[in-house]
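Okay, structure first, notes after.
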Amino acid sequence: MRVFSPQKSIASINSSLTRDELLRRSRILVIDDERPEIVDDLKRAHFAVDYEPDIDATKIDLIDKRIYDLILLDFGNVGRAFGSDEGLSLLRHIKRVNPAVVVISYTSKALGASQADFYRLCDAVLPKDAGISESLEKIELELRRAHSITNVWSGLLTVCGVPAGSADDKRLQNLLVRGLNRPPKLEALKQSVMKMLTSEEMQKTGAILLAKVIELAVRSVTGLPNG
Amino acid sequence: MADFQNIVPLIPLPVVDLHGISVPRDGLLLGAPPDCPKNWASGLRCHEHYHGLANADVADDIVQCPFGYASRVVRHKNILIALTGFIPYPRLGGDRERRAAKKRAIAKLATEQINKAVVAVKNAVDFSDRIQVDTVRRQSVALHEIRKLNRTVKQTAERLCREDSPGEPDAAEARFVQIWKSAELMSQQFDVIELLANEDLAKLPRNSVSEVYRIFDKCVRIYRHAGHPNRFSITAQQGYSGKILACDKTLSIIPSALIENALKYSVADTLIHIDVESKGGNCVVTVTNQAKAGDNVTRKAFQKGVRLSSDQDGTGHGLHLVKIVVEQHGGTIDVLTRPLRKGVDEIRFIVRLPELHDARAQKRALSA
């Protein structure tokens, strides 16, 4: 019989993956009007990567199905279907659909003050003229962040409209921790989260993020390999 | 397009920059009416007139000066000027105005013409703004295209190095490595140019975790391979890398500008030393070099446009940019100078950046 040690909060759960697990579980999307060679570099490094020159109405499912953990997003000449701010308009849509996806700004354009929100809303910046080794390292680091329980939890809170560190945040974390000791209790967490989600769209995102949080937490406690 | 035609018949309608009026000589030398310098020099009444125009809310009024001429203030965006030295029609009245009108018939202008001149001035200002915006946009496009070309050179060279020496690309054939690192150096300069063009980038949030030693080491490697093989030594406390919360967009400017600066102002063939250590919760980086004595390097060096030496090329912006990026990262920068030997000073730039102490703090910081 396994004895579960009590967890105090999400931050105390070690959800780190081995490199093999990371490669196996991760999907990357590169959105850039000109196909960058980093796509091939990533493939050579055994990452699962897809490339799209742009996202419009015909390709929107790629974002809305929430299948990617990390998106490399160019600024210029993409996202015009979402607004006049090009990459920034698309970025806003991506973050609305899935706040837990890690988006890396991937542009060599010198953005002006009015476009600086693109950098601000992105999770990280990778200049297009970064070196190959540097780019691969950065992407791997950000993928680890994408799969970290704190990142997924933070995304879940955003969808639920719960401020980080608030009483609701602590209550939900407590439910998760209690659920790890007595797995049927996780049902209470699910119900609490679902009550906070008003639209069907939010419920979809919330359900995906909650499932991922629970999976990462349970596997961390049981010591089973993730994946 | 601005309507300049209406202003042509009004030339030479004098224009006084009221922003400069607190410096009487400069303020009046810019196109003042012929009598003005004399009147200005002769007493306070002329001063009072222009100071009054600069400070009062009289944008739409024509105001008579103590010598009978008139002025009309134009406030638009960031300009504050006075069209001045004319006699308006209809007249404002008074003996002085009558005498001025007799003396300088050419200065008599219909109020309607003055209004047209005001509109033309405002149009010219708007046009100038549009030119500036367009210039910035074109510069941005040009920089973008140059970065793309440099990227091709850099990544091609790196691929060649990785093929030639898969385990250690830096040890590949020297000429490939030199091309690769020179292109890296160009990338660093582009980052500096970009921040120079848009200092708001130093207000972006810090949403990544970076190791300070690594970014300095990377920069040193670039310089070593790009023509300065024996100029640098870099050390760190054993096992210490100095993790900080960083802004990916700007952090690399700290090592690149400090090292470039040290290289530029060092005495020939002297060593530049970089030391990374943990002290008082900060990651402390000290960049030490030997410079010609007498350059008097003080904190003033961090001000915009201040150059350390007149016999070196430079815009005086590098250290200013370092300072704003250090402050963006919650840190401080200082400079210490001490005489080392005759004619040579030791210059130390000391950067302190708050450390991230443990994984939990990093996670909290990143998820916040």
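The values are calculated or read from the model by the stated rules, or taken from the named source; none is laboratory data. What you see is a predicted model; the values in this text were computed from it and never measured. Heads up, the Cβs are rebuilt from the backbone with ideal geometry, glycines too, and the neighbour counts pull from every protein chain shown.
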Quick one: would you say A:Arg44 is out of contact with any strand residue (DSSP E or B) (no Cβ under 7 Å at 6 or more places or on another chain), in contact (Cβ under 8 Å) with a residue 40 or more places away in the chain, over 23 Å from A:Arg80 (Cα atoms) and surrounded by fewer than 15 Cβ atoms within 10 Å (Cβ to Cβ)? no
Criterion (modelled with pLDDT under 85 and either in contact with a helix residue (DSSP H, G or I) (Cβ under 6 Å, 6 or more places away or on another chain) or not small (Gly, Ala, Ser) (or both)) met by exactly one of B:Val8, B:Val63, B:Val73: B:Val8
If only one of A:Ile67, A:Ile60, A:Ile71, A:Ile55 is surrounded by fewer than 16 Cβ atoms within 10 Å (Cβ to Cβ) and within 25 Å of A:Lys138 (Cβ to Cβ), which one is it? A:Ile67
Does B:Asp248 satisfy being surrounded by 21 or more Cβ atoms within 10 Å (Cβ to Cβ), acidic (Asp, Glu) and at pLDDT below 90? yes
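Residues are listed down the side, and each one gets a yes or a no for (1) at pLDDT 90 or above; (2) surrounded by fewer than 20 Cβ atoms within 10 Å (Cβ to Cβ); (3) farther than 27 Å from A:Thr150 by Cα:
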residue: B:Lys292; (1), (2), (3): no, yes, yes
residue: B:Arg299; (1), (2), (3): no, yes, yes
residue: B:Leu308; (1), (2), (3): no, no, yes
residue: B:Thr332; (1), (2), (3): yes, yes, yes
residue: B:Val335; (1), (2), (3): yes, yes, yes
residue: B:Arg360; (1), (2), (3): no, yes, no
residue: B:Ala368; (1), (2), (3): no, yes, no
Within the range A:158-169, restricting attention to residues that are touching a residue at least 12 places away in the same chain (Cβ under 8 Å) and either at the interface with chain B (Cβ under 9 Å from one of its Cβ atoms) or not in a helix (DSSP H, G or I) (or both), which residue is surrounded by the fewest Cβ atoms within 10 Å (Cβ to Cβ)? A:Gly161
Given the options B:Ile179, B:Ile146, B:Ile193, name the one that is more than 10 Å from chain A (Cβ to nearest Cβ), surrounded by fewer than 21 Cβ atoms within 10 Å (Cβ to Cβ) and not in a loop (DSSP other than H, G, I, E, B). B:Ile179
Condition first: in a helix (DSSP H, G or I) and facing another protein chain (nearest Cβ under 9 Å). Now tell me which residues in the range B:200-219 satisfy that. B:Asp200, B:Leu201, B:Lys203, B:Lys218
Please specify each residue of the range B:253-278 satisfying the condition of being assigned to a helix (DSSP H, G or I) and among the aliphatic types (A, V, I, L, M). B:Ile253, B:Ile254, B:Ala257, B:Leu258, B:Ile259, B:Ala262, B:Leu263
Is one or more of the residues making up the range B:125-133 facing another protein chain (nearest Cβ under 10 Å), under 30 Å from A:Ile132 (Cβ atoms), in a helix (DSSP H, G or I) and β-branched (Val, Ile, Thr)? no
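Quick grid of which residues meet (1) under 26 Å from A:Asp20 (Cα atoms); (2) among the basic types (Lys, Arg):
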position: A:Ala130; (1), (2): yes, no
position: A:Arg171; (1), (2): no, yes
position: A:Pro183; (1), (2): no, no
position: A:Ala188; (1), (2): no, no
position: A:Leu197; (1), (2): no, no
position: A:Met202; (1), (2): no, no
position: A:Leu216; (1), (2): yes, no
Of the conditions (1) surrounded by fewer than 17 Cβ atoms within 10 Å (Cβ to Cβ); (2) in contact (Cβ under 8 Å) with a residue 40 or more places away in the chain; (3) within 12 Å of chain A (Cβ to nearest Cβ), B:Gln188 satisfies every one except a single condition; which number is it? (1)
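Does A:Gly155 fit the bill of being on the phi > 0 side of the Ramachandran plot, within 10 Å of another protein chain (Cβ to nearest Cβ) and not aliphatic (A, V, I, L, M)?
Values: on the phi > 0 side of the Ramachandran plot: no; within 10 Å of another protein chain (Cβ to nearest Cβ): yes; not aliphatic (A, V, I, L, M): yes.
Considered against the rule, which asks whether it is on the phi > 0 side of the Ramachandran plot, within 10 Å of another protein chain (Cβ to nearest Cβ) and not aliphatic (A, V, I, L, M), A:Gly155 comes out as no.
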Output for the range A:93-151, where each listed residue is touching a helix residue (DSSP H, G or I) at 6+ places or on another chain (Cβ under 8 Å), free of Cβ contacts under 8 Å to residues at least 60 places away in the same chain and of a type in the set (Ser, Thr, Tyr): A:Ser105, A:Thr107, A:Ser108, A:Tyr119, A:Ser133
So A:Pro184 ticks every box in (1) within 22 Å of the chain's Cα centre (by Cα); (2) more than 23 Å from A:Arg144 (Cα to Cα); (3) at pLDDT below 85; (4) of a type outside the set (Ser, Thr, Tyr) but one. Which box is left unticked? (1)
Look at A:Asn174 and say whether it is surrounded by fewer than 19 Cβ atoms within 10 Å (Cβ to Cβ), within 21 Å of A:Gln191 (Cα to Cα) and not aliphatic (A, V, I, L, M). yes
On the given criteria, is B:Gln238 away from every other protein chain (no Cβ under 14 Å), closer than 15 Å to A:Gly131 by Cβ and surrounded by fewer than 19 Cβ atoms within 10 Å (Cβ to Cβ)? no
